[in-house]
Amino acid sequence: MTTKTFTTQGTCSKLIEISLDDEKCINNVTFIGGCPGNTLGLSSLLRGMKASEAITRLEGIRCGMKTTSCPDQLAKALKEMI
């Protein structure tokens with residue numbers, strides 16, 4: 001199991017802690033800051049998903065007028081991990 005913490009940029013959340021198992025599947029995602037319901041829901045939906053699949057689904061999502069979002073920042077963090 002690998003766990004890393006990433007600092008986000010351009011989002012309400014400030015940090016994302018990610019745990020991947022040995023097969024690069026998401027074991028846990030914890031957002032520090034951001035919209036609690038959305039980030040908890042996202043974390044629950046991603047549990048057990050391959051990191052590569054999550055990247056494909058989340059990359060490029062925007063939040064309002066921002067050029068990024070919590071899901072997009074998570075995709076960037078996952079790319080760094082794998």
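The values are calculated or read from the model by the stated rules, or taken from the named source; none is laboratory data. Source: prediction; values computed, not measured. Neighbour counts are summed over all protein chains in view; Cβ atoms, including those assigned to glycine, are modelled from backbone coordinates with ideal geometry. To get the accessible areas, we keep the full protein, side chains included, count just its heavy atoms, and leave off ligands, DNA and RNA. Shrake-Rupley method; radii C 1.70, N 1.55, O 1.52, S 1.80 Å.
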### Task
Identify all residues within segment 1-40 that are outside any strand (DSSP E or B), open to solvent by less than 70 Å² (accessible area, probe 1.4 Å) and either over 16 Å from residue 73 (Cβ atoms) or among the aromatic types (Phe, Trp, Tyr) (or both); write none if there are none.
21, 37
### Summary
Going through segment 48-77 in order, the residues found to be part of a helix (DSSP H, G or I), farther than 18 Å from residue 33 by Cα and open to solvent by 50 Å² or more (accessible area, probe 1.4 Å) are 52, 53, 56, 57
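Would you confirm, using the coordinates I've provided, whether residue 80 is acidic (Asp, Glu), exposed (fewer than 14 other Cβ atoms within 10 Å of the Cβ) and in a loop (DSSP other than H, G, I, E, B)?
Numbers: acidic (Asp, Glu): yes; exposed (fewer than 14 other Cβ atoms within 10 Å of the Cβ): yes; in a loop (DSSP other than H, G, I, E, B): no.
When the stated conditions are applied, residue 80 does not pass them.
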